[in-house]
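Contents: one structure, followed by commentary.
The values are calculated or read from the model by the stated rules, or taken from the named source; none is laboratory data. Please read these numbers as outputs of a predicted model, since none were measured by experiment. Positions of Cβ are backbone-derived with ideal geometry, glycine not excepted, and every protein chain shown enters the neighbour counts. Ligands, DNA and RNA are stripped out before the accessible areas are found, and what is left, the full protein with its side chains, is counted by its heavy atoms. Shrake-Rupley method; radii C 1.70, N 1.55, O 1.52, S 1.80 Å.
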Amino acid sequence: MSDVLSVASTRRTPRDEITLTRSEDDVFDAMLEGWLWQQRSTGRFQASTLVFREQIVRRFARFTGAYPWQWSPEHVDRWGIHLTVELRRAQSTVRGYQAALRFFCGYVIESRSGWPALCQARFGRAPEQVCHEWNTDAHLVDYHGDPGRRPMTREEIQRFLDHADGQVDVALRRGHKGALACYRDATVFKVLYAWGLRCSEASALDVTDFHPHEGAPELGRFGSLYVRGGKRAKGLPPRRRTVVSVMPWAVEAVQDYLVHIRPRFRAGHQPALWPTERRGRLGTKEIEGRFAAYRDALGLDKALTPRCLRSAYTVHVLEDGAQSSVDPQSGVTWWRS
């Protein structure tokens with residue numbers, strides 16, 4: 001059985017009524033058809049331009065494994081890194097891709113197009129504008145021009161994590177009380193890299209934020225990580241997401257920390273994954289400060305920041321042959337080979 005859905009555009013749709021099946025693919029195709037018709041009706045765009053724009057939107061959909069009403073700014077952030085780092089597309093090329101995607105999103109979020117109401121009613125979620133200043137061309141300019149935004153190499157990460165682990169032994173040999181904090185912080189850096197987190201997201205983690213996931217059944221209750229405190233869009237609360245665990249060695253590090261180290265902080269009923277000696281929550285500034293101290297001790301580039309661990313996560317997972325995917329039922333972002 002099919003539904004007959006009236007979808008209006010800012011002028012008119014190719015047909016007054018578009019007959020759609022219940023297939024998500026058909027809805028997506030109809031969105032593209034309405035968008036292209038709207039552009040043709042102005043008489044300002046060449047056929048080759050419209051073909052290019054449609055191809056770009058479809059490529060983005062394949063990369064995300066999601067439909068427009070499931071897209072998020074996080075997808076665009078990862079797509080930009082994929083294009084520039086893995087595919088080595090020129091900055092001007094990437095900017096053109098993002099412009100096409102921004103244009104499409106501008107069409108489907110317009111209330112007069114009918115798509116927001118239709119998607120909300122049918123899929124429980126309306127499309128949103130996913131291309132913003134912080135994750136598109138301006139973001140890429142910063143990425144290329146500022147070495148503090150580049151991904152750390154595998155060698156740099158290995159040296160850094162080895163040094164962080166080594167500081168635990170140093171503190172123990174010297175009889176310092178800071179051995180527990182060193183162990184905690186070494187685990188924090190592993191989590192930043194292995195789940196691609198910002199410092200603010202790591203700081204906000206609670207013990208209960210690890211959950212099982214069917215994509216990683218072998219990891220038990222540590223199959224995924226619920227992340228709160230993400231980057232805010234203007235006027236909106238922090239974004240939340242779930243990331244499926246893809247680095248078992250990091251899961252082992254967290255498990256060891258939870259069993260042998262965290263209880264010694266005497267956190268009581270404190271839910272924070274990273275408690276302090278005073279039973280508070282480890283803050284962003286403390287994470288950044290410890291990172292800078294270890295970076296400088298190793299003689300690494302002073303422009304490197306914890307963000308470089310987050311960037312490295314995406315690049316290295318892609319290099320290892322995985323693709324970003326979104327579960328259409330739960331909205332969970334994960335990687336699969």
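Summary table below
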item: Cα-centred dipole magnitude for the range 18-73, charges only on beta-carbon of K, R (+1) and D, E (-1), debye, nearest 20; result: 260
item: Tensor-based shape of the range 40-120 (alpha-carbon gyration tensor, a/c under 1.5 rounded, otherwise prolate or oblate); result: oblate
item: Total charge dipole magnitude, the range 238-284, about the Cα centre, Cβ charges on Lys, Arg, Asp, Glu only, Debye to nearest 20; result: 340
item: Virtual spin-label span in nm between Ala293 and Thr49, 7 Å along Cα→Cβ; result: 5.7
item: Amide hydrogen neighbours beyond the local backbone of Asp206, cut-off 5 Å, H modeled; result: Leu273
item: Residue-normalised accessible area of the range 63-116, expressed per residue, 1.4 Å probe, Å²; result: 34
item: Difference of contour (0.36 nm per residue) and Cα-Cα distance, Ser92 to Arg174; result: 24.1 nm
item: Spatial separation of Cα centroids for the range 96-113 and the range 247-299, in angstrom; result: 42
item: For peptides 188-199, 73-84, 112-123, 294-305, sequence by mean Cβ density within 10 Å, most packed first; result: 188-199, 73-84, 112-123, 294-305
item: Rounded percent of accessible protein surface that carbon and sulfur make up, the range 142-223, 1.4 Å probe; result: 51
